[in-house]
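First the structure, in the form of structure tokens, and then the observations on it.
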Amino acid sequence: MNHTAHCYLSFSNSDLLLGNFIGDFVKGRTWEKYPVPVQQGILLHRSIDSFTDNHDATRKSVGRIRPFAGRYAPPVMDILYDHLLCKYWGEVAEVDFDAFADWAYANLESRKAEMPEKLQRRLPHMLAGRFLHGYQTREGLEWVLQQFERRLLGKIDTVALLGYFFEHMEQFSEDFKVFFPDLQEMTRHKRALFLAG
């Protein structure tokens with residue numbers, strides 16, 4: 001899963017949100033330098049990534065796009081699943097999307113100074129573009145994929161990939177609807193463990 005899911009699965013908790021958001025930028029054991037509540041968000045981020053990568057339904061989806069994305073199929077599928085999360089938001093989330101996004105934007109902006117420098121530089125541009133909203137539309141999804149591709153050593157065929165994805169939306173949706181409730185249950189269990197200390 002990508003930004004939308006990581007932010008949503010932070011349970012409206014600012015510390016979990018920060019840790020979840022910076023998770024990809026915190027390598028090795030450097031997570032230990034953060035306050036414990038933020039550490040929990042970083043570890044939650046890693047749990048979400050691992051669970052997603054190893055879920056049977058996700059693997060089916062990844063297999064479908066591998067001809068277009070090659071070895072980048074797993075992270076590309078994370079981005080596409082964020083679109084499906086937005087598409088089925090009303091079925092899986094208990095909060096209005098705009099209210100959730102505004103909460104995330106405000107909290108991330110207020111905690112920018114605690115983020116790794118690379119992310120601090122990137123955040124203003126992300127907030128100006130209301131990055132979570134970008135996953136809602138095909139045009140926004142195309143932009144996200146183009147930004148992702150710019151950081152790659154190889155290339156992905158974004159046009160063909162999105163054409164295939166939207167043409168076979170029903171199959172990807174079926175995978176997502178099997179996978180996401182399982183992910184929600186895992187993260188609720190993880191959060192309960194954090195609260196229990």
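Listed conditions (1) farther than 17 Å from residue 173 by Cβ; (2) buried (at least 18 other Cβ atoms within 10 Å of the Cβ); (3) touching a residue at least 24 places away in the same chain (Cβ under 8 Å) are all met by residue 134, apart from (3).
Being aromatic (Phe, Trp, Tyr) and at pLDDT below 95 is a property that residue 68 has. Residue check: residue 94 meets all listed conditions (1) within 16 Å of residue 187 (Cβ to Cβ); (2) at pLDDT 95 or above but one, namely (2). The set of residues in region 137-169 that are surrounded by fewer than 16 Cβ atoms within 10 Å (Cβ to Cβ), in contact with an Asp or Glu (Cβ under 9 Å, 6 or more places away or on another chain) and β-branched (Val, Ile, Thr) contains only 159.
Taken over region 14-37, residues that are among the β-branched types (Val, Ile, Thr) and either in contact with a strand residue (DSSP E or B) (Cβ under 7 Å, 6 or more places away or on another chain) or without any contact (Cβ under 8 Å) to a residue 40 or more places away in the chain (or both) amount to 2.
Pairs linking a residue in region 168-190 that is within 18 Å of residue 63 (Cβ to Cβ) to a residue that is loosely packed, with under 13 Cβ neighbours inside 10 Å and among the small types (Gly, Ala, Ser), with Cβ atoms under 9 Å and 6 or more positions apart or on different chains, do not occur. In the condition set (1) without any contact (Cβ under 8 Å) to a residue 12 or more places away in the chain; (2) on the phi > 0 side of the Ramachandran plot, residue 11 is compliant with all but (1).
Which one is surrounded by the fewest Cβ atoms within 10 Å (Cβ to Cβ) among residues in region 22-68 that are among the aliphatic types (A, V, I, L, M) and within 17 Å of residue 85 (Cα to Cα)? Lay out the reasoning, then the answer.
First pass over region 22-68, keeping only residues among the aliphatic types (A, V, I, L, M): 22, 26, 36, 38, 42-44, 48, 57, 62, 65.
Those left that are additionally within 17 Å of residue 85 (Cα to Cα): 48, 57, 62.
On the way: 48: 21, 57: 18, 62: 22.
By that ranking, first place goes to 57.
Listed by position, the helices (runs of 4 or more DSSP H) enclosed by region 1-90 that each have at least 1 residues that are among the polar types (S, T, N, Q) and within 16 Å of the chain's Cα centre (by Cα) are 3-8, 14-22, 36-54, 56-69.
The values are calculated or read from the model by the stated rules, or taken from the named source; none is laboratory data. Please read all numbers here as calculations on a predicted model, not as lab measurements. Note that we place each Cβ from the backbone using ideal geometry, even for glycine, and neighbour counts take in every protein chain shown.
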